[in-house]
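Asker: After the structure tokens below, expect a handful of questions from me.
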Amino acid sequence: MLSGVTSIREYMIRPEKGGVIALLLLGFLLLSLGVMLFSSHWLAGAVPTLIGCGMIVLGIVYDKRLKPKYAVMLTTAAQEVRTLESRDRAFIARVLAALNQAVIARG
């Protein structure tokens with residue numbers, strides 16, 4: 001199985017940030033709307049301002065909770081294959097070390 005493998009490396013998969021960006025943009029939009037409405041009536045401005053601030057806080061918390069995934073990438077003469085994925089980087093490092101030792105032992 002390892003005879004065709006030419007290289008083994010770690011690959012980081014960044015989390016998608018589309019939801020975070022949408023939440024932050026909508027929050028800033030509501031915050032801006034609330035600030036503009038404050039001049040006409042305080043309650044009409046307070047509601048979108050508070051909702052916008054809440055959305056901004058949720059977007060920041062959501063962004064901080066997103067963690068990248070790590071993968072083992074095997075390269076052969078024909079293709080590159082992502083074989084194992086985990087959020088635990090130490091686990092991927094142990095797998096990489098074991099695979100590298102197997103390739104060395106193979107000769």
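Asker: Calculate how steeply helix 42-65 sits against the longest principal axis of the alpha-carbon atoms of the chain, using the helix alpha-carbon long axis, and give the answer as 0 to 90 degrees to the nearest 10.
Answerer: Helix 42-65 sits at roughly 10 degrees to that axis.
Asker: Taking Cα pairs under 8 Å and at least six residues apart, what relative contact order does the chain come out at, in percent?
Answerer: 33 percent.
Asker: Report, in degrees rounded to the nearest 10, the 0 to 90 angle that the Cα long axis of helix 89-106 makes with the longest principal axis of the chain.
Answerer: 20 degrees
Asker: Here is a further query. If each residue's Cβ is checked for other Cβ atoms within 10 Å, how do MET12, MET55, MET36, MET73 rank with the fewest at the top?
Answerer: MET12, MET36, MET73, MET55
Asker: Moving on to the next point. Quick one: order LYS64, LYS17 by neighbouring beta-carbon count within 10 Å, fewest to most.
Answerer: In order of increasing Cβ crowding within 10 Å: LYS64, LYS17.
Asker: Can I ask one more? Using the count of nearby Cβ atoms within 10 Å as a rough guide to exposure, how do ARG106, ARG89 rank from fewest to most?
Answerer: In order of increasing Cβ crowding within 10 Å: ARG106, ARG89.
Asker: Relative contact order, percent, of segment 18-65 when contacts are C-alpha pairs under 8 Å separated by at least 6 residues?
Answerer: Dividing the mean separation by the residue count of segment 18-65 yields 46 percent.
Asker: Please report, to two decimal places, log10 I(q)/I(0) for segment 18-65 at q = 0.15, 0.18, 0.29, 0.31 Å⁻¹ as given by the Debye formula with identical point scatterers on the Cα atoms and no solvent.
Answerer: Log10 I(q)/I(0), no solvent term: -0.36, -0.48, -0.89, -0.96.
Asker: List the aspartates and glutamates whose alpha-carbon lies under 19 Å from that of LYS64, not counting same-chain residues fewer than 8 positions away?
Answerer: GLU16, ASP88
Quick note: the coordinates plus some simple rules give every number you see, no bench work behind them. Small disclaimer: the values here were computed from a predicted structure and weren't measured. Cβ coordinates were reconstructed from backbone atoms using ideal geometry, including for glycine residues, and neighbour counts include every protein chain displayed.
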